[in-house]
1. Which of the trypsin sites (Lys or Arg not before Pro) found in region 31-107 are loop residues per DSSP with 16 or fewer other Cβ atoms within 10 Å of their Cβ?
2. Report, in whole Å, the centroid distance computed from the Cα atoms of region 128-191 and region 62-119.
3. Roughly how compact is region 11-185, stated as its Cα Rg over 2.2 N^0.38 Å to two decimals?
4. Hey, got a sec? Which chymotrypsin sites (Phe, Trp or Tyr not before Pro) in region 31-84 land in a DSSP loop and have at most 15 other Cβ atoms within 10 Å?
5. Going by amide H atoms built from the backbone, whose H comes under 5 Å of the H on Glu88, apart from near neighbours?
6. Which entries of Lys20/Lys185; Lys20/Lys59; Lys61/Lys129; Lys38/Lys71; Lys94/Lys129; Lys9/Lys161 show an alpha-carbon separation above 18 angstrom in the structure shown?
Amino acid sequence: MKYNSQNYKFVFALVDGSNKQERITNGVEWMICWLKFKAMCNQTGSVIFDIDDTLVDGKEKPIASMLKLYKLCIALDFTVNIITARPESRNNRKETAQMIHENGIRTYEALYMMPSDWNTTASNISIYKANARADVASRHNILANCGDMWTDHIKYPTSLKELNDRDVEETAIYFLPGQSFPCFKLPGDLG
C-alpha cells in the first residue's frame, strides 16, 4: 500500500516506499491525480513549492519527480509560487533565481525569500512561510503546498498534537483542518 492513512480528526496519510526517492515518487503520483482533478473541475489557483529538498536536492540538482510535478502545474496553467527560507539579499536572490532557472524552473509568479534579519528558528520559519502563503492566498486559490519540512506547512508551535514532534524524514499528504488544499510533506534532511 502506497498510502497509510492515520486515524486523526483530519485527513492525514503517510506515504510509503522502500526509500526516499520512492516515497517522493509515490507522493507526486497522488499530487498529479489531485491537480488533474482540479483542472478537470475548472479550478484555477496556485501551487506552492519550497526549493531545498523539494525542487532540488542537497547538491542543487533537480528532483526529477518534483520537476515533473512543477511542469504539470505549468501545463495545466496553474500559477506557481516559490517560498523558501533561504535568506533574502540581492546576491542570494540572484544566485537562487539563476540556480532554479538552470534546473528548468523558469515560470513562477513570485520567489519569496526569508528576511535576512530573522533568526532561523522553526517558529520564525513557520511564521514567515505562513505569512507568505497568506499573501499568495490574497491573490489565488491555493491548490497545493509542497515542502520537505513541517514548517513549510504549519505554524509552530501548533495546537494539532498529531503534528508536534514529527520525524522530519516522514513523507505525508494531508489536509490541515480548515484548509481545502493538500500539503505534500516530502522527506526532509536535517544534516
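Coordinate-derived values only; no laboratory data. Nothing here was measured: the structure is a model prediction, and the numbers come from that model. Cβ coordinates were reconstructed from backbone atoms using ideal geometry, including for glycine residues, and neighbour counts include every protein chain displayed.
1. Those satisfying the criteria are Lys59, Arg106.
2. Taking the Cα centre of each part, region 128-191 and region 62-119 sit 17 Å apart.
3. Cα-based Rg divided by the globular estimate yields 0.97.
4. Here no loop site has a sparse enough neighbourhood.
5. Close amide H contacts, sequence-distant or interchain: Met114, Ser116.
6. Result: Lys61/Lys129; Lys94/Lys129 exceed 18 Å.
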